[in-house]
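The values are calculated or read from the model by the stated rules, or taken from the named source; none is laboratory data. What you see is a predicted model; the values in this text were computed from it and never measured. Cβ placement follows ideal geometry from the backbone for every residue including glycine, while neighbour counts extend to all protein chains displayed.
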Amino acid sequence: MGILNEISEQLQIGKAKLVKELVQQAVDAGIPAGEILTEGLLAGMSMVGERFKNNEIFVPEVLVAARAMNMGAALLKPLLADAGVKASGRVCIGTVKGDLHDIGKNLVKMMMEGRGLEVVDLGTDVPPERYIAAARDQGCRIICCSALLTTTMGVMADVVKCAEAAGIRDSVKILIGGAPVTDAFCAAIGADRYTPDAATAADAAVSLCRGEGA
Ligand code: B1M
């Protein structure tokens, strides 16, 4: 079994320490960090998602797999930093109210930091008012919202409305993402940009911070 497969397999059974060791071995073997992330860690997490959906595994198993994912990803963090164009600017990020999923949000944060942005992490279960307060009081130029549940993605519309009500809509950009989110949803709620993954979210944040595009 190749090492990336092994990372995926061990992640699925929640062997966090082993996953960390294997990720280190893969790095030492010269495998690119992006490949380790997508073909090892994310491939494993996707299998976990399938099994969870099919009721083959339950919340505790998913949680240990998520822990292994986070530990492996943390090791890749410095390597995922894009050697290319860096940007400056402060953004805030959080998973919306009612939603506790944070793996995707953490990846987006990691990629943005790698591109030179300062990221204020608001955590999970973030009510609209907290995003607005971060933008207003901490000078964040972009509000980044993540949602993984069809039942919580609607909170993103409240974030847009809240920014309008607070009179800051013209001075902040609202970037959204997460598995159930789409371009059409982004347009419908009046957010500025939807991106499907962490790398494109970082690209979008960099160009928005530079004032390029909507
Ligand atoms: Co939950 N869960 N979960 N879960 N969980 C999903 C999302 C689900 C699809 C599983 C399924 O049924 N197949 C399903 C949602 C169904 C739906 O709404 N349609 C689901 C459910 C139902 C639930 C509960 C309700 C289950 C229950 O209790 N009965 C419950 C809800 C709890 C809550 O939030 N209130 C729940 C709980 C949990 C755990 C706590 C056990 C755990 C979360 C642990 C954690 O995050 N610390 C968990 C997990 C791990 C998952 C799955 C298996 C994996 C999610 C994940 O981390 N993926 C997931 C199934 C799946 O996705 N296949 C599932 C890897 C991650 C890297 O991907 O977050 O999509 P993702 O991020 C991507 C992109 O979406 C994007 O970038 C990332 C990749 O580059 N992205 C952005 C994300 N945010 C972005 C923001 C951006 C731009 C891009 O701009 C700002």
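Structure notes:
- Residue within the stretch 16-31 that is of a type in the set (D, E) and modelled with pLDDT under 95 present: no
- The C-beta contact set for the stretch 56-77 (first residue farther than 14 Å from H101 by Cβ, second residue among the small types (G, A, S), distance under 6 angstrom, 6+ apart or interchain) comprises V64/G14; A68/G14; A68/A16; M71/A16; L76/A33.
- In the stretch 19-31, the residue that is farthest from L148 (Cα to Cα) out of those that are of a type outside the set (V, I, T) and touching a residue at least 12 places away in the same chain (Cβ under 8 Å) is A29.
- Filter pass, A204 being surrounded by 14 or more Cβ atoms within 10 Å (Cβ to Cβ), free of Cβ contacts under 8 Å to residues at least 40 places away in the same chain, in a helix (DSSP H, G or I) and more than 7 Å from the ligand (Cβ to nearest atom): yes
- Residues in the stretch 120-156 that are hydroxyl-bearing (S, T, Y) and in contact with a helix residue (DSSP H, G or I) (Cβ under 7 Å, 6 or more places away or on another chain) were compared, and the one that is farthest from the ligand (Cβ to nearest atom) is Y131.
- Filter result (within 17 Å of the chain's Cα centre (by Cα), exposed (fewer than 15 other Cβ atoms within 10 Å of the Cβ) and farther than 12 Å from L79 by Cα) within the stretch 25-48: S46
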